[in-house]
Every structure is written in C-alpha cells, then in structure tokens.
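Worksheet: one structure, shown below.
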Amino acid sequence: MHAVVWCKSDSPLGALYVASRAGRLVALSLGGDEKAFLNEIERWGAPRFSAGELGGVVRQLEEYFAGTRTAFDVEVDLSGLSPFQQSVLQETLAIPYGKVKTYKELACAVGKPGAARAVGTALGNNPIAIIVPCHRVIASDGTLGGYSSAGGIADKRRLLALEGALA
C-alpha cells in the first residue's frame, strides 16, 4: 500500500487541504476542518505531511485562483468510489473552464436520464473539489443548486464568477 501524503495551503476561499497516494490526487477539500480531513484520508494509511511532494498541485491551484490557469495537469484517483460516482465525476472532469452543465445533462451523459438527484448526491461527495469541477454543475432552472465546501453556495458562486461562467 502506498503512503498518503498531504498538505495545507491558503486560497481566496479559505484553507485548502490536498492529499495524494502513489502520485495521484485522492482528496482536495476547500475550507473545513483539518482534523476531519485527516480522518478522511486515513483510510489510505497514516497520512504524512509533505508540502514539497504536493507543490505542483498547490502551484496549479494558486494559478487557477489567480486567473492564469484554466485546466489542471493532475492525475486523480477515484477508485474508492462506486462505479456510478466514478462515471459522474469522470463526466464532470470534461466540463470546460467557464462552462456549466445541468444535473440533468450530466445524468443523461452517464446514461441515467432520470438520475439528476443521484448525480447531485455523487457531486456532493466529490473528494477532489475544484480539480473535479463539480461547481460547474447547476440546476435546470439556472439556479446554482448546492455545494459541499465549508463556504457552501457562496464558494460555488465565487468559483463560477472567477471562471466567467455567471451571467
């Protein structure tokens, strides 16, 4: 089993906690509690703090928040999720910067047209916020829906505004 490494960084939306295993990102939490984050990533083994090993990811996130990065070059590991969750998050990865899709469109894209609520639940459990851009998924009526960061819907609104996706 590969060790899990983690680090903490600051962002315009609060603390960012990042963890990887075997060079692949397994968790990215926006805001929230450090102890809760560490408890979550312990399922992969005893977490070891290492800002150096995650410096590339942190740098890409800093560039994103500065408005100079529109895509991430980071491998993600979604293996701890159900096949449905994986399919939803893989489809979410394909939503371009500055664009949005609805929960219903995402449900159709994964072959489950009646599963918009289940898509919302899968997105609410996204372990790799921002990089797997669940903030780019909105309700069919154009409202933002939910967001599971510590800042909630206000964080979603700020991320979409940063990307120019809000009218």
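The values are calculated or read from the model by the stated rules, or taken from the named source; none is laboratory data. Here the structure is a predicted model, which is why all the values come from computation and not from measurement. All Cβ positions, even for glycine, are placed from backbone atoms using ideal geometry, and neighbour counts span all protein chains on display.
Scanning region 17-32 for residues that are within 22 Å of Arg158 (Cβ to Cβ) and in contact (Cβ under 8 Å) with a residue 60 or more places away in the chain, which turns out surrounded by the fewest Cβ atoms within 10 Å (Cβ to Cβ)? Selected residue: Gly31.
Give the number of residues within region 112-155 that are more than 21 Å from Leu28 (Cβ to Cβ) and either touching a helix residue (DSSP H, G or I) at 6+ places or on another chain (Cβ under 6 Å) or in contact (Cβ under 8 Å) with a residue 60 or more places away in the chain (or both). Lay out the reasoning, then the answer.
The first filter runs over region 112-155 and keeps only residues more than 21 Å from Leu28 (Cβ to Cβ), leaving 112-118, 139-143.
Subset that is either touching a helix residue (DSSP H, G or I) at 6+ places or on another chain (Cβ under 6 Å) or in contact (Cβ under 8 Å) with a residue 60 or more places away in the chain (or both): 113, 115-116, 140.
Final tally of qualifying residues: 4.
Once region 114-167 is narrowed to residues that are surrounded by 17 or more Cβ atoms within 10 Å (Cβ to Cβ) and among the acidic types (Asp, Glu), the residue that is farthest from the chain's Cα centre (by Cα) is Glu163. Of the set (1) of a type in the set (Ser, Thr, Tyr); (2) surrounded by 20 or more Cβ atoms within 10 Å (Cβ to Cβ); (3) farther than 25 Å from Ala165 by Cα, all apply to Ser82 but (2).
Can you find a residue in region 120-141 that is assigned to a helix (DSSP H, G or I), over 17 Å from Phe84 (Cα atoms) and not assigned by TED's automatic domain parsing to the domain that holds Gln60?
Looking through region 120-141, at least one residue is assigned to a helix (DSSP H, G or I), over 17 Å from Phe84 (Cα atoms) and not assigned by TED's automatic domain parsing to the domain that holds Gln60.
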